[in-house]
1. Within the stretch A:29-49, what residues put their amide N at less than 20 Å from the label point 7 Å along the Cα-to-Cβ vector of A:ARG220?
2. As a footprinting exposure proxy, order C:TYR33, B:TYR62 by other Cβ within 10 Å, with the fewest listed first.
3. Using amide H atoms built in the peptide plane, which far-off residues or other-chain residues are under 5 Å from B:THR83 H to H?
4. From the cross-link list B:LYS184/B:LYS353; B:LYS184/C:LYS58; A:LYS149/A:LYS268, which pairs have alpha carbons spaced over 26 Å apart?
5. What angle, in degrees between 0 and 90 and rounded to the nearest 10, separates the Cα long axis of helix C:27-39 from the longest principal axis of the Cα atoms of chain C?
6. In the protein assembly as shown, what is the volume of the convex hull around the alpha carbon atoms, normalised per residue and reported in Å³?
7. Amide H neighbours of A:SER356 under 5 Å, at least 5 residues apart or on other chains, H built in the peptide plane: list them.
8. Quick one: A:SER61, A:SER21, A:SER96, B:SER89, fewest Cβ neighbours within 10 Å first, how do they rank?
Amino acid sequence: MEKVAIIGVGQTRYERNNPCSHDEMAFEVTNKALEDAGLTIADIDNSVTCTNDFWDGRTISCMTITDATGSSRVPTTNVEGDGTYGVLMGMTRILSGLHDITLVVAQSKGSIGEPNLITNAIFDPVYDRILGLDAVNSAALQAKRYMTKYGITEGQCARVSVKNHKNAKKNPYAQLPLDITVEDVLSSRPLADPIKLLDASPVSDGACAVILARESDAKRICRKPVWIKGVGHCSDMYHLGDRDLSDVSVLQTAVKKAYDMAGIKDPKREIHVAEVYEAFSYMELMWMEGLGFCERGRAGKLMDSGFTQMEGPLPVNPSGGVLSAHPVLAAGLARIVEGVLQVRGEAEDRQVQGASVALAHGIEGACGQGHCVYVLER
Amino acid sequence: MGNRVSIVGVGQTHHRSKNTECNGQELIGIAVRRALESTGLTMNDIDAVVVGNMDHFESINYVDMWSVMGFGGYMKPVLKVTTGGTTGSAVGHAAFYHVASGLFDVVLAVGWEQNSESDTTAAIVTHCEPLIERDFYGGAIGGLAAQYSMYMDKYGATEEDAALVSVRDRCNAARYNPYAHLRKEITVEEVMNSAYISYPLRLLHMCPRSDGACAVIFARDDKAEAISGKPARVLGVGSSHRSTYLGDEVGLAGLHSLEIAAKEAYNMAGITDPYHQIDVAEMYLPAASAGVSWMEGMGFCDEGGGPEFIRSGVTNMDGELPINPSGGVISTNCIGATGLIRIGEGALQVMGKAEARQVPNVEIAAATGFGGCFWSDVMILGSSKYLD
Amino acid sequence: MTVELGNTGTRLHQSRIRLRYNWWVGKSMGRFYREIKEKRKIWGNKCPVCGLVYVPPKENCPRCFEEMNEFVELGDRGRLLTYTVVRYSVPLIQPQTPPYVMGIIKLDGADTGLTHLVGEADLEDIEVGMRLEAVFRENPQGNLLDIKYFKPI
């Protein structure tokens with residue numbers, strides 16, 4: 001495969017009730033990414049936007065940010081899914097040979113709508129939507145299933161939250177930098193057992209942008225291109241009851257593609273830093289297993305061992321992760337942005353020393369029905 | 001450089017105003033099964049899926065995940081594209097890019113819509129910018145009506161010219177296309193007697209809203225030959241999503257984005273004389289008036305030449321450049337599928353599998369997509385003799 | 001409606017999208033709901049290739065993509081695979097006032113789980129693996145809540 005690199009990145013500060021409109025956020029990150037790449041909008045050959053009609057309260061929601069991303073000037077398309085899928089789309093356009101420098105922008109403002117209603121709409125209107133299923137209580141069903149099967153404790157999940165909110169203190173973009181303890185998490189307001197407030201990600205507004213280029217352009221333009229060495233995406237069945245919610249085969253399948261492309265045989269040793277999409281604390285544990293950082297059912301022990309702490313051999317979510325900021329659609333792209341910064345050595349106070357191989361991960365749908373994973377390298 | 005890509009299979013439902021028997025997933029299943037059957041492939045042979053529809057017509061969030069049921073996408077890479085009216089064509093283009101990239105060899109494109117499940121106009125109006133446009137846009141027809149008004153004023157086109165397009169497309173559907181939604185022949189007189197919806201557009205100038213699904217299978221060229229004896233090669237693609245606000249689209253009379261997208265696609269395909277080189281066109285005309293005012297955008301005639309072009313009859317089934325043998329969008333409009341149906345119909349023409357609606361000796365077909373606000377996609381398909 | 005937020009200079013526009021929907025239930029779910037409504041029976045269907053029995057029944061097997069035409073009558077008893085106690089309130093979408101229990105139940109004879117509610121149970125007594133039985137609604141309306149909930153047996 002011809003090489004594709006990420007040559008520019010940009011993100012907004014993540015917060016609730018960002019007073020900027022959608023297009024203002026998109027304009028901000030587009031310009032940040034261009035500045036980071038040392039380019040102007042005239043250098044962008046085509047674009048991929050990631051918007052969602054429900055979250056934006058608008059049909060053809062991509063129109064909201066068409067002008068702000070320069071997309072009315074160039075061929076453009078819109079992926080309705082996490083930003084990690086948008087980057088995949090951008091890659092297909094470059095690798096086709098028909099497009100060159102590609103801008104990918106993802107955004108949403110969770111604070112403008114009613115997230116419970118918006119995520120209730122994920123569920124089948126002729127079947128179980130009527131039960132009031134939404135992102136939180138469906139995740140709780142998965143958490144309970146996973147924890148019961150493998151004996152994972154609420155304390156182990158809480159450790160994820162403690163770690164990530166603490167990591168967020170070093171990330172100027174994060175919404176929720178917090179000094180909390182396991183006790184704080186366990187005694188926080190219960191939402192849907194076993195998920196408590198501090199086990200859950202916040203409602204956020206935010207946008208991210210990345211600029212992709214083929215090898216010849218990247219080498220010409222960019223001092224520190226970050227190569228996409230591997231990518232994979234995969235989807236599980238849809239109905240919660242059809243799935244084994246504790247199973248991570250879908251993530252394993254997606255990441256195997258990425259690892260094979262990148263030549264990674266022993267991820268636990270070869271990946272230096274990982275940014276994963278943990279919308280809830282238990283998810284980080286499940287994704288550790290799916291990514292091959294430990295055996296099935298052993299992520300609780302891995303967490304206890306400190307392996308994924310900032311001082312550990314494989315820091316996970318130095319940025320604070322999705323628990324610290326959850327701008328839907330942008331959150332997966334933010335994982336890629338953070339991975340890029342790490343590999344470039346530009347992650348400032350949250351830098352993992354010597355990191356040259358990063359894993360970035362995004363999810364889609366309820367309980368991580370879909371996964372999209374990247375291996376990024378200097 | 002990228003791989004060359006062909007279309008090897010097409011499937012679609014029998015479109016209707018209310019598909020009462022099926023839910024959306026079942027509708028998708030029918031189209032996908034038909035596409036697979038036409039090629040002898042199974043889902044095991046599919047490397048990735050691209051799906052599209054417009055969310056607010058069915059109120060299902062994350063349709064990429066929901067529709068996995070409908071097309072057997074368990075353990076498959078799945079991705080959703082949504083760009084409004086162009087969704088179907090954008091899905092087709094995305095599937096093309098998936099294969100052209102070399103990352104996937106055989107990709108299934110699925111477009112679908114069950115418009116009967118909602119109030120289509122109310123849902124469409126939500127595309128308008130909430131602060132400025134939403135209160136008075138009036139649905140999809142507003143912009144199209146305004147556009148044809150300008151064209152009539154500028155070039156002397158008439159409502160009767162648009163009626164000729166209605167008659168052409170609806171009669172094609174009635175006579176030749178068992179999959180079309182509206183299959184009743186009409187006359188110019190009937191069109192002119194139908195009520196105004198939004199001047200100058202009348203009821204019989206307009207597309208219906210339909211329930212339906214379409215599936216198209218794209219494959220790398222060397223695999224395509226083994227799958228289908230006569231695949232339809234993708235020779236060119238072009239896309240332009242220019243304006244967001246109706247008021248920004250100055251010079252409304254034609255369709256500027258179509259002109260840009262067509263030029264891009266023609267360039268890639270090596271088309272220099274579209275009128276003579278293209279054998280059939282499946283065009284996304286949401287209203288019959290577009291069939292008059294958008295001809296020049298495709299380079300089929302000179303600027304302002306739309307009326308004469310249509311009046312000459314060259315776009316009829318027995319003409320030199322048949323347009324919409326399938327009956328087009330004013331016979332069937334399941335929005336998320338519609339743009340993909342144009343691609344599928346174009347491919348069937350090149351593959352020689354268009355049955356009663358087959359135009360003889362098709363070597364090159366054009367398929368266009370359109371969406372609010374004035375966005376255009378173009379794909380050029382050709383037979384094997386165009387592979388260099 | 002556009003409002004100014006205090007003296008911030010920030011203006012907020014408020015509105016609501018009101019769209020009505022009527023969804024076609026389809027063949028399989030149609031049969032599922034009819035059997036519950038008219039006969040208080042729960043039906044699934046079976047894949048001819050992998051042999052798994054799905055409830056609710058579906059047009060095709062999600063694993064094999066084969067059409068499933070063999071309908072299977074299931075009992076109304078099963079085992080709780082997982083559950084949660086929902087403690088936050090979203091009246092517009094929730095069928096009961098929190099705290100209420102939602103779970104996935106594996107009915108006897110089925111290979112997949114049915115998402116539903118658990119009722120007539122003390123929260124402290126609910127545990128994964130417990131046996132449950134369907135309780136049907138008095139005036140069925142042709143939707144999932146024609147089963148009121150599942151209760152412990």
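Values quoted throughout were computed directly from the atomic coordinates according to the rules given, and no laboratory measurement underlies them. These figures come from a predicted structure and were not determined experimentally. So basically every Cβ, Gly included, is an ideal-geometry build from the backbone, and we count neighbours across all protein chains shown.
1. A:34-47
2. Working: C:TYR33 21, B:TYR62 24.
Placing the least packed residue first, the sequence is C:TYR33, B:TYR62.
3. none
4. On the way: B:LYS184/B:LYS353 23 Å; B:LYS184/C:LYS58 35 Å; A:LYS149/A:LYS268 24 Å.
Among B:LYS184/B:LYS353; B:LYS184/C:LYS58; A:LYS149/A:LYS268, the Cα-Cα distance tops 26 Å for B:LYS184/C:LYS58.
5. Roughly 80 degrees between the two axes.
6. Values: hull volume 142.1 nm³, N = 919.
So the per-residue Cα hull volume is 155 Å³.
7. For A:SER356, the qualifying residues are A:HIS272.
8. Numbers: A:SER61 28, A:SER21 17, A:SER96 21, B:SER89 34.
Ranked by crowding around the Cβ, least crowded first: A:SER21, A:SER96, A:SER61, B:SER89.
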